[in-house]
């Protein structure tokens, strides 16, 4: 059974009297331990998909199962518990709390899970050492470089030992030098720790570490791991790794459907 | 978890130090005013009740016309005369000693003057139980007579002490006789045993009944034993005041109630007033005034509360993204609500602590100024109840002011909050 199973997902936003359909019957399956890159032009529904995958939002229609749980059946507080325990977020803008030290930022998800102080501090330090910031635990975010901040965010994402790491443009605000270690870390999480890593990105280097690339356009999956299909969209593909890692084309039907609806 | 939230809230307050302090100032001005006024009110009450206690004693009660004291009182205290059977009162269980004052205007004839003719006319006559002087010195103060004279003793009847002014007009001295005409054909010749020493007005501040007697307006009165009044005018219907002391160990309120019941059943219309009753009246008065003043000061506290609300709204707006992050990493709505409520409550509490200290300081200064102005020792009251309730109250005010902003923060949809720039 896939870790994540989305079928016919639609998501509507109401802007005044206009209804904007951000996702149009999207199908997607993600297996445990995979690294998935979600790519697509602005407005293609990447962020919306990420919000639903991250249990930050619920779909308007369709079925969304995360680890066997129907997201649409869960109440707000159950969604909170789910994302607190199973999902770790990494954001483009790091989103660290400026008033807290690196260690306290990493402790934050554990505070909300009611983990005791001693254990929390120990784990936070361990994680910071793991991301190479053992000497920066007491530093506030504004005393750290961009790359260091993102590493603190990585440590925070791992605080409650989640099954899924959801990274929204993790290298978007970083130069290559500081971005590469982040991508390496994400890849290792999958390879060494068996975590499922979902990266929403424009960055071909980020996509390059993925087992599969899911391409979105106009709220539909238009391709999975195919380099050529999206040629006209202007989204560059790396050509590396991707071709060899095509799994099953289970969402190709959607591709056609998506293509049709787009046409 | 609550401790962690407290730390999170504290760090947020410290991060916005300037704004937090300005908000706290808004709160502590209000708290200072409220604490100072209530504290001064309590000090005033304590000062008055202490003075009453020092004059009155806790084993003593007084009897007044029922219209002169209590909720139905319509005249100035003690101005109304009443009927009283002193013997019945003395027989009431628990009464140790009772002394009364009654007053009349009577026809008097003095001793022959230097021209051989006596002065005669209508003058005020005051009948005092000798016990008033012997037993209630703390109540009456010390009566002073001129050299060679004395006050009358228990059991004496045909004696009088003259006010200095009337003594001058009669040209009377100790050993002379004054004739008093009573009701019907009753009349008595009274031997002058003493003449009062006149007291300057400004010395009257030492207080007490004696001081009032020694003052000018009472120096034209002649004083006779209370029982002598009975001989001249029969049973008393003109008593001004009665002072009663109860036996040691007796409950003064119980004895007072008993006396009141027995006397009123015999046709008196009196109120027995104890130390407790007077304190109650003083307490009601001072608390009403305090509450009124504190209410006015409370308006500034309200303004402080609005300040907290304003700050918290700004804080919620500024930290929208932070709220989104907290929710994304597993904070429930209740967690966010609690963090923000603690934050606003803390600002209220800090305002409360600073305000209480300043308020107590202000009341100490004010008490010493008032004390100096009116020549009394003003008590400074730092009531633990007041301090504790002020601190709880300031935290609650802060939290209430933060309730709406905190609720708004908690309800922010996580996706919108994360997207907020």
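Every number here is computed from the coordinates shown, using simple stated rules; none is lab data. If you're wondering where the values come from, they're calculated on a predicted model, not measured in any experiment. Quick reminder, even Gly has a Cβ in these numbers, built from the backbone with ideal geometry, and neighbours come from all protein chains shown.
Here are a few things to note about the model shown:
- On full extension, the segment bounded by residue B:299 and residue B:147 gains 48.5 nm, given 0.36 nm per residue less the C-alpha separation.
- Taking chain B and dividing mean pair separation by its residue count, relative contact order in percent (alpha carbons under 8 Å, at least six apart): 29
- Between A:53, A:224, A:20, the residue with the greatest mean-square fluctuation in the GNM of chain A (Cα pairs under 10 Å linked by springs) is A:20.
- Where labels lie 7 Å past Cα in the beta-carbon direction, separation of residue A:75 and residue B:261 in nm: 6.2
- Whole-angstrom gap from the range B:243-277 to the range B:377-392, using each part's C-alpha centre: 34
- Label point distance in nm, residue B:231-residue B:368, each placed 7 Å from Cα along Cα→Cβ: 5.9
- Only helical runs count toward this figure. For chain B, summing -39,500 (n - 2.57) over DSSP H runs of n ≥ 4 and dividing by all residues gives -18500 deg cm²/dmol at 222 nm.
- In chain A, the DSSP-assigned H stretches of four residues or longer account for a calculated mean residue ellipticity at 222 nm of -10500 deg cm²/dmol, using -39500 (n - 2.57) per stretch and the full residue count as denominator.
- Stretchable slack from residue A:180 to residue A:42, in nm (0.36 nm times residue separation minus alpha-carbon distance): 47.3 nm
- Gain on full stretching of the segment that runs from residue B:14 to residue B:276 - 0.36 nm per residue minus C-alpha separation: 89.3 nm
- The protein assembly as shown: antiparallel DSSP beta bridges as a percent of all, rounded to 5: 70
- Simple spin-label estimate for residue B:376 and residue A:63 in nanometres, 7 Å along Cα-Cβ: 8.5
- Computing FRET efficiency as 1/(1 + (r/R0)^6) for residue B:181 and residue B:400, where r is the C-beta to C-beta distance and R0 is 60 Å, gives about 0.20.
- Between the range A:95-142 and the range A:1-74, the Cα center-to-center distance that results, in Å: 30
- Nearest 10 degrees, 0 to 90: helix A:76-86 Cα axis against chain A principal axis: 70
- Relative to the longest principal axis of the Cα atoms of chain A, helix A:102-112 runs at roughly 70 degrees.
- Helix B:333-374 vs. chain B, principal-axis angle (Cα, 0 to 90°, nearest 10): 30
- The residue B:157 and residue B:284 beta-carbon pair, evaluated with R₀ = 56 Å, returns a calculated FRET efficiency of approximately 0.80.
- Residue exposure sequence - B:59, B:253 - by fewest surrounding Cβ within 10 Å: B:253, B:59
- Theoretical FRET efficiency, 1/(1+(r/R0)^6), r = Cβ-Cβ of residue B:407 and residue B:87, R0 60 Å, to 0.05: 0.20
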